[in-house]
Amino acid sequence: MANQGAIRSARAFVEVFADDSRLVQGLRKAESKVKAFGARVNEIGMGLTKAAASILAPMTLSTKVFMGFDDQMRAVQATIGATGSQFDMLNEKAKLLGRTTSFTVAQVAAAMLELGRAGFAPQEIDDAIASVLNLSRATGTDLAESANIA
């Protein structure tokens, strides 16, 4: 009788493990679905990264341009000793010319700096900068070089 009990236990053991093929098959399907989901999430993440980079690139460029312009204008202010209102006048003039001409605000600020180094007062810079831009455009020379010539 002890033998029959042992046989029955073995039979139950075999039956449990014989039926695990469906479990393994189900786990494999689940694994493949999880892998596909992970790949899709990764794809979405890469797309978002590219989108974020394309959005941030112009911002980064404009920040660099602004920082260059700001640095140039502070150098102008220090060179010519412009007061607050004089500095504001030149700052607005540079922004206006940067928007309305083929030159960037940083280029206009660099030309203003060259005029200041040449001894021009704030009002003289304001009066002369448009002519310096025209000289540069007409002669095809660099804007800072045109400021030196003027």
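The values are calculated or read from the model by the stated rules, or taken from the named source; none is laboratory data. All figures in this text were calculated on a predicted structure; none of them were measured in a lab. Methodologically, a virtual Cβ is constructed for each residue, glycine included, from the backbone with ideal geometry; neighbour enumeration extends over all protein chains shown. To get the accessible areas, we keep the full protein, side chains included, count just its heavy atoms, and leave off ligands, DNA and RNA. Shrake-Rupley method; radii C 1.70, N 1.55, O 1.52, S 1.80 Å.
Computed quantities for the displayed model
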quantity: Accessible area expressed per residue, the range 78-130, with surrounding protein chains retained (probe 1.4 Å, Å²); calculated: 47
quantity: Sum of side-chain charges, GLN123 neighbourhood, beta-carbon under 14 Å (Lys, Arg +1; Asp, Glu -1); calculated: -4
quantity: Total formal charge among the other residues, if their Cβ is under 10 angstrom from that of ALA147, Lys/Arg +1 and Asp/Glu -1; calculated: -2
quantity: Theoretical FRET efficiency, 1/(1+(r/R0)^6), r = Cβ-Cβ of THR139 and MET89, R0 35 Å, to 0.05; calculated: 0.85
quantity: Total charge dipole magnitude, the range 81-124, about the Cα centre, Cβ charges on Lys, Arg, Asp, Glu only, Debye to nearest 20; calculated: 120
